[in-house]
Amino acid sequence: MPSIEQRVAAAAEAALGRDKSVSPLDVFGGLGWVTANHEDRWRQGRDAYLLPLEALRPGKLAGVLDALRRWAESRGFQPSETAYVSATRDRRPLRFLAAAGEDVECALRTHWISPDLTETQRERVVERQNRPPDLLVIMPLKDWTCTDCGVEGGDLLVMEDAGPLCLTCADLDHLVLLPAGDATLTRRAKKASGLSAVVVQWNRSRKRYQRRGILVEDGALEQAEASCLADEEVRRRQRERGRERRARQDAELTSRMVAEIAGCSPAARSHAPKRSPRTPRCGGAAASGGARRDERSTRLRSRPRSSPRCGTRTRPTTSC
Ligand SMILES: [Zn+2]
């Protein structure tokens with residue numbers, strides 16, 4: 001059984017691969033203490049505290065925080081206290097625990113940043129981590145009634161402490177919905193919009209919220225659409241060049257793997273994957289069949305990992 005030091009180190013290393021920084025929340029996720037769903041509810045302001053931490057034995061949390069600090073300091077990581085605010089309209093500061101002292105809350109808010117980053121990169125990471133989260137608008141699955149004006153139904157709502165609000169009562173009814181599916185259009189519309197909100201919907205099978213689009217100002221959407229149309233050809237060529245580059249990298253990787261396997265001892269070669277009975281036996285065709293399989297597996301492995309806190313996967317619905 002690995003010690004807590006080893007488990008914390010493993011969770012921290014895994015988090016480091018994604019973001020060049022490590023937070024206590026990353027480690028809790030790696031230890032299986034806090035799920036993305038717990039974190040979503042807390043960040044959305046629906047739970048006052050991070051509930052799984054409340055259930056821990058006294059001393060266990062402190063032990064993990066100490067282990068993380070020792071791991072980070074031994075590698076020269078720099079601490080950065082990070083703001084945690086809710087995705088609600090009041091942007092209230094989030095507390096991890098109901099009755100913890102400020103020193104514990106401060107340790108829980110402290111992110112450890114890799115010394116490998118340049119000063120500019122470090123500033124960018126700190127700025128990104130301190131940026132307030134997007135406002136959250138929910139696409140409901142059930143009937144609902146606005147707790148302010150009493151209007152029933154509606155496609156979208158904002159969840160407040162007192163209950164759901166319609167977009168008119170939440171002062172968001174001047175925004176328009178841009179469905180998820182076009183990352184460039186979404187990014188540009190959001191950047192141009194003075195106010196925006198992320199629209200999510202509960203996915204019953206996955207048991208978590210999934211992103212359905214964003215609400216942005218009408219003018220911002222028009223500006224983003226015009227911008228996308230203007231450089232559509234340029235972006236198409238960039239995508240083509242990217243595809244070609246990845247295909248070249250896949251082919252190079254395949255060649256290296258084939259050469260390495262060919263250079264292995266007969267005993268090692270006997271452990272190499274066996275050829276499928278349906279694969280043609282002639283040399284060129286067999287090699288190309290293997291290459292295709294290797295390319296497919298390489299592409300699957302090389303997909304970027306997303307950290308869909310609050311569900312960041314999108315469903316294609318529009319294109320610019
Ligand atoms: Zn209302």
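Here is how the numbers come out for the structure above:
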quantity: Ile138, Ile261, Ile214 arranged by Cβ crowding within 10 Å, fewest neighbours leading; calculated: Ile261, Ile138, Ile214
quantity: Least to most buried among His111, His38, His174 (fewest other Cβ within 10 Å first); calculated: His174, His38, His111
quantity: Packing-based exposure ordering (other Cβ within 10 Å, fewest first) of Glu81, Glu160; calculated: Glu81, Glu160
quantity: Principal axis dimensions, largest first and in whole angstrom, of region 4-130 by Cα; calculated: 37, 34, 25
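We did not get these values from a lab; they are worked out from the coordinates using the rules stated. As the structure is a prediction and not an experimental result, all values here were calculated from the model. FYI the Cβ positions are ideal-geometry reconstructions off the backbone, even for glycines, and counts take in every protein chain you see.
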